[in-house]
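The values are calculated or read from the model by the stated rules, or taken from the named source; none is laboratory data. Quantities reported herein were computed from a predicted structural model and do not represent experimental measurements. In this analysis, Cβ positions are derived from the backbone assuming ideal geometry, glycine residues included, and neighbour counts consider all displayed protein chains. Side chains are part of the model used for accessible areas, which takes the heavy atoms of the whole protein and leaves out ligands, DNA and RNA. Shrake-Rupley method; radii C 1.70, N 1.55, O 1.52, S 1.80 Å.
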Amino acid sequence: MIQRRNTRQVMIGHVAVGGGLYGTTASPVVVQSMTNTDTADAEATIRQVYELWQAGSEVVRITVNSAEAAAQVATIRKGLDALGCSVPLVGDFHFNGHKLLQAYPDCAEALAKYRINPGNVGKGSKRDEQFGAMIEAAIHYKKAVRIGVNWGSLDQAKMAQMMDDNGKLAEPLSADALMREALIQSALESAQQAIDLGLSPDQIIISCKVSNVQDLIQVYSDLGQRCEYPLHLGLTEAGMGSKGIVASTAALSILLQSGIGDTIRVSLTPEPNESRTKEVVVAQEILQTMGIRSFTPLVTACPGCGRTTSTYFQELAMQIQSWLRQQMPIWRGQYPGVETLNVAVMGCVVNGPGESKLANIGISLPGTGETPVAPVFVDGEKTVTLKGDHIAQDFQLLVDEYVRT
Ligand code: SF4
């Protein structure tokens, strides 16, 4: 069993993150994502936020990088509300966030959380002033803040000072250890600075993102012991395709298993024209396959082998999985517990009947060269044998009936 790390609880709009300390109860690990539309294009951003929310993203971050973008944030919020989409929006601010939050009060109000990167707030004496202006906005509008440190944009003045100090130590830290320590110190010192300015510790979430799996695990393991803030987990710049998925899964799974992580994002580089929703699906599947949360019925499918020389079996498994995902907006809320349903789609009689019997509902195809008939098992009992050209549709009807009854 996973023992979650107890934290303060922070509200991002209506979504609770973390908990377990000071009379709060730990809330489920929250799935987040981020748009890649130009926020100044309100219509495109509304469309993508809505898609991400439909896919299951519980918080969506949008970049607020210019006056044109800030000017559209309230419109985006209203547009989403009109569609019945209440997903909290997070504004991602770098370099000019202090100006935008002051110049666009409707933007400051429409966002549920401000992401502040201490390394991209400003330099020298301007740094404190500009950071302070953003914190003042969070206090005034009662918004959560994520102090989000990234290795790629670490405060260079801080790093230089730490390297200097490290060189004077009898046993200096290695370059990697120094980098990890600098990330953690940057996050924790910025959080303390925000508290000194009047922000409640119950408004602060921390992240320290790096792109290397082992560094991420070490940074968060350490960070988890050094503060009470909820932690946002993510392997930054995880990469494309299977590399991004594997690296994110490896890093996040180890930390989640240790009870670390109150909200997660899987940062994947999408293929051109690939849907942004993939990162939401992967984040959900990490949590669901680890038994931490359930989002949608998952299909148990065998890999197929020489017994399944046609592609029919793979097509059926994919069709059923995507159909189940499509059903969730209809089923969710109407059929409590439907997300834990286990559906099996198996390739032949070797393991098919056994796995199908273990599922809530399963189908076992005949394999190669045999008559295309497929027995269906419901709660461990064979109930019917499907035949002909419409096995997929007939099986979907049976799953639908199972859910409804
Ligand atoms: Fe091959 Fe049958 Fe096993 Fe699937 S269940 S991998 S088709 S032997």
Can you go through ASP165, ASP202, ASP155 and tell me which one is open to solvent by 20 Å² or more (accessible area, probe 1.4 Å) and over 25 Å from GLY91 (Cβ atoms)? ASP165
Taking the range 35-48 and keeping residues open to solvent by 30 Å² or more (accessible area, probe 1.4 Å) and touching a residue at least 60 places away in the same chain (Cβ under 8 Å) leaves ASN36
Is it the case, given these coordinates, that ALA191 is in contact with a Phe, Trp or Tyr (Cβ under 6 Å, 6 or more places away or on another chain) and closer than 16 Å to TYR114 by Cα? no
Is there a residue being farther than 26 Å from PRO88 by Cβ and in a loop (DSSP other than H, G, I, E, B) anywhere in the range 130-148? no
Those residues that are touching a residue at least 60 places away in the same chain (Cβ under 8 Å) and closer than 19 Å to SER221 by Cβ, I need them from the range 9-20; list them, please. GLY18
Confirm whether VAL345 is open to solvent by less than 50 Å² (accessible area, probe 1.4 Å) and either within 10 Å of the ligand (Cβ to nearest atom) or more than 22 Å from the chain's Cα centre (by Cα) (or both). yes
Check whether at least one residue in the range 321-341 is over 21 Å from the mean Cα position of the chain (by Cα) and within 16 Å of the ligand (Cβ to nearest atom), and report yes or no. no
Residues of the range 195-221 being touching a Gly at 6+ places or on another chain (Cβ under 9 Å), among the small types (Gly, Ala, Ser) and modelled with pLDDT of 95 or more, which ones? SER207
Is there a residue in the range 288-301 that is within 16 Å of the ligand (Cβ to nearest atom) and not β-branched (Val, Ile, Thr)? yes
I'd like to verify a number: residues in the range 238-271 that are modelled with pLDDT under 90 and part of a helix (DSSP H, G or I), how many? 1
I want to confirm something. Restricting to the range 304-320 and keeping residues that are touching a residue at least 24 places away in the same chain (Cβ under 8 Å) and closer than 20 Å to VAL280 by Cα, which single residue is farthest from the ligand (Cβ to nearest atom)? GLN319
By residue number, the members of the range 111-151 that are open to solvent by 20 Å² or more (accessible area, probe 1.4 Å), small (Gly, Ala, Ser) and either more than 23 Å from GLU189 (Cβ to Cβ) or in contact (Cβ under 8 Å) with a residue 24 or more places away in the chain (or both) are GLY119, GLY122, GLY124
Within the range 79-127, the residues that are under 28 Å from LEU183 (Cβ atoms) and part of a loop (DSSP other than H, G, I, E, B) are PRO88, HIS94, PHE95, ASN96, LEU111, ALA112, ASN117, VAL121, GLY122, LYS123
Take the conditions within 15 Å of the chain's Cα centre (by Cα) and of a type outside the set (Lys, Arg) and apply them to GLY198. Does it pass? no
Taking the range 377-394 and keeping residues of a type outside the set (D, E, K, R) and modelled with pLDDT under 95 leaves THR385, LEU386, GLY388, HIS390, ILE391, ALA392, GLN393
Unmet requirement for PHE395, which otherwise passes all of (1) loosely packed, with under 14 Cβ neighbours inside 10 Å; (2) under 26 Å from GLY56 (Cβ atoms): (1)
Determine whether the range 367-375 contains at least one residue that is within 16 Å of the ligand (Cβ to nearest atom), in contact (Cβ under 8 Å) with a residue 24 or more places away in the chain and surrounded by 19 or more Cβ atoms within 10 Å (Cβ to Cβ). yes
Out of all the residues in the range 237-254, which are closer than 22 Å to ARG226 by Cα and either buried (at least 21 other Cβ atoms within 10 Å of the Cβ) or without any contact (Cβ under 8 Å) to a residue 24 or more places away in the chain (or both)? ALA251, LEU252
Taking only pairs six or more apart or across chains, which ones have beta-carbon atoms under 7 Å, a first residue in the range 255-283 that is at positive phi, and a second residue that is in a loop (DSSP other than H, G, I, E, B) and open to solvent by less than 30 Å² (accessible area, probe 1.4 Å)? GLY261/VAL29
Looking at GLU68, is it assigned to a helix (DSSP H, G or I) and surrounded by fewer than 17 Cβ atoms within 10 Å (Cβ to Cβ)? yes
